[in-house]
Amino acid sequence: MLGVGYFLVVSSQYTKLENTTLKEEELKQAYSQLSFREKRLSAEDQSTKFLSNKYKHILESIPPQKEVPKNIKQITAIANELNIKITKLKRLKSTNEEYYSKIPIEFEARGTYHKLAKFIDRVINIKNLVTFNEIILINPVSNEPSPQEPILKLNTIMEIYYQTPKEQAETKSLSR
């Protein structure tokens, strides 16, 4: 009888020990999974902050629509400074994208190769976003005496990017 009582007590304790050991393993696995999730969430949080800052920086580099005439004046001033003759500056219909709008400008000018290259470089490096598409340089035939460096004709489509009103509001809220 003592053996049966001892067996019942020990076997119930042994069952509790097995259950507790299984529970401990489950808790260790749950802890491991939660720890992994926490690390991943931390990394995602850092990534989100990085992307948010990058997005803010991009939005800040795109000027509001009211800056477009100023950009065109800057482009004209750069051309005048480099003695480049603008023969065509025609604003085309603007297009709206999800986060920005752009105004294509048909642009023709005459100047030496080096001056035109310097012009493009300086316009691209304006603080506001301006791109050149379809750059074509033509060496027009002329009856004029040949200068030291030939005068070339530049044909291109420039695009000036600007913020949509929605993005302007978002830029303001991100700046706070």
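The values are calculated or read from the model by the stated rules, or taken from the named source; none is laboratory data. Since the structure is predicted, the reported quantities are computational estimates derived from the model, not experimental observations. Virtual Cβ from ideal backbone geometry, glycine too; neighbours counted across all protein chains shown.
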Item to complete: Being surrounded by 14 or more Cβ atoms within 10 Å (Cβ to Cβ) and at pLDDT below 90 is the filter; apply it to the range 114-128 and report the residue that is farthest from Glu159 (Cα to Cα).
Response: Ile126
Worksheet item: Assuming Ser52 fulfils every condition listed in (1) of a type outside the set (Phe, Trp, Tyr); (2) in contact (Cβ under 8 Å) with a residue 60 or more places away in the chain; (3) in the same structural domain as Leu152 (by TED's automatic domain parsing) apart from one, which condition is it?
Response: (3)
Worksheet entry | Looking only at the range 134-153, and only at residues there that are touching a Ser or Thr at 6+ places or on another chain (Cβ under 9 Å), at pLDDT below 85 and charged (D, E, K, R), the one that is surrounded by the most Cβ atoms within 10 Å (Cβ to Cβ) | Glu149
Item to complete: For residues that are acidic (Asp, Glu) and at pLDDT 95 or above, tally how many sit in the range 78-105.
Response: 1
Response to the item:
Exactly one of Thr131, Thr156, Thr164 is more than 16 Å from Phe107 (Cα to Cα) and either at pLDDT 60 or above or aliphatic (A, V, I, L, M) (or both), and that residue is Thr164
Worksheet, complete the sentence: Subset of the range 83-92, residues within 12 Å of Phe119 (Cα to Cα) and either under 31 Å from the mean Cα position of the chain (by Cα) or loosely packed, with under 13 Cβ neighbours inside 10 Å (or both), comes to Asn83, Lys85
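Quick grid of which residues meet (1) free of Cβ contacts under 8 Å to residues at least 24 places away in the same chain; (2) polar (S, T, N, Q); (3) in the same structural domain as Lys56 (by TED's automatic domain parsing):
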site: Ile75; (1), (2), (3): no, no, no
site: Lys88; (1), (2), (3): yes, no, no
site: Leu116; (1), (2), (3): no, no, no
site: Asn133; (1), (2), (3): no, yes, no
site: Thr156; (1), (2), (3): no, yes, no
Worksheet item: Within the range 74-103, how many residues turn out to be of a type outside the set (A, V, I, L, M) and farther than 21 Å from Leu59 by Cβ?
Response: 10
Discussion item. Considering only residues that are out of contact with any Leu (no Cβ under 9 Å at 6 or more places or on another chain) and of a type in the set (Val, Ile, Thr), which ones fall in the range 59-75?
Written reply: Val68
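For (1) within 24 Å of the chain's Cα centre (by Cα); (2) more than 30 Å from Ile160 (Cα to Cα); (3) in contact (Cβ under 8 Å) with a residue 40 or more places away in the chain; (4) not in a helix (DSSP H, G or I), each residue gets a yes or a no:
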position	(1), (2), (3), (4)
Thr20	no, yes, no, no
Glu25	no, yes, no, no
Gln33	no, yes, no, no
Thr48	yes, no, no, no
Glu60	yes, no, yes, no
